[in-house]
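Structure record follows, encoded as structure tokens.
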Amino acid sequence: MKKLLITMAAAIAMTSMSSCERNFTCTCVYPGAAAGTTKTTIKAYNRNDAQETCTKLNNGARQNGGACAL
């Protein structure tokens with residue numbers, strides 16, 4: 001019984017310490033372009049990291065007259 005409790009406690013501790021990566025969608029719109037709209041899935045641990053990546057995509061899109069947002 002004691003070993004079971006120790007094993008369960010260790011499993012709970014490991015689960016609570018692990019971070020979950022989430023999927024965020026960065027949508028880029030290109031007015032007047034054949035592509036129109038593109039959606040890019042960004043895997044990140046939090047919204048701020050995903051926003052940073054989407055901002056980089058936006059910088060590239062702006063050169064082509066487009067805009068991206070998370």
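Nothing in this text is a laboratory measurement; each read-out follows from the coordinates by a stated rule. Keep in mind that what you see is a predicted model, and the values were worked out from it rather than measured.
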Exercise for the section: With θ set to phi - 60°, apply the Karplus curve 6.51 cos²θ - 1.76 cosθ + 1.60 along the stretch 26-38 and write out the HN-Hα couplings as whole Hz, x wherever there is a Gly or Pro. Expected result: 9, 9, 10, 10, 10, x, x, 9, 5, 5, x, 9, 10
Exercise for the section: State, to one decimal in nm², a quarter of the convex hull surface area for the C-alpha atoms of the stretch 28-70, i.e. the direction-averaged projected area. Expected result: 2.7
Handout entry: Extension gain from Asn46 to Ala33, taking 0.36 nm per residue of separation minus the Cα-Cα distance
Key = 1.5 nm
Problem - Stretch gain in nm, segment Ala67-Glu21, where the contour uses 0.36 nm per residue and the Cα spacing is subtracted - result: 14.0 nm
Problem - In sequence order, calculated HN-Hα J values of the stretch 44-56 (Karplus, 6.51, -1.76, 1.60; Hz; x Gly/Pro) - result: 8, 7, 8, 5, 4, 5, 5, 5, 4, 5, 5, 5, 5
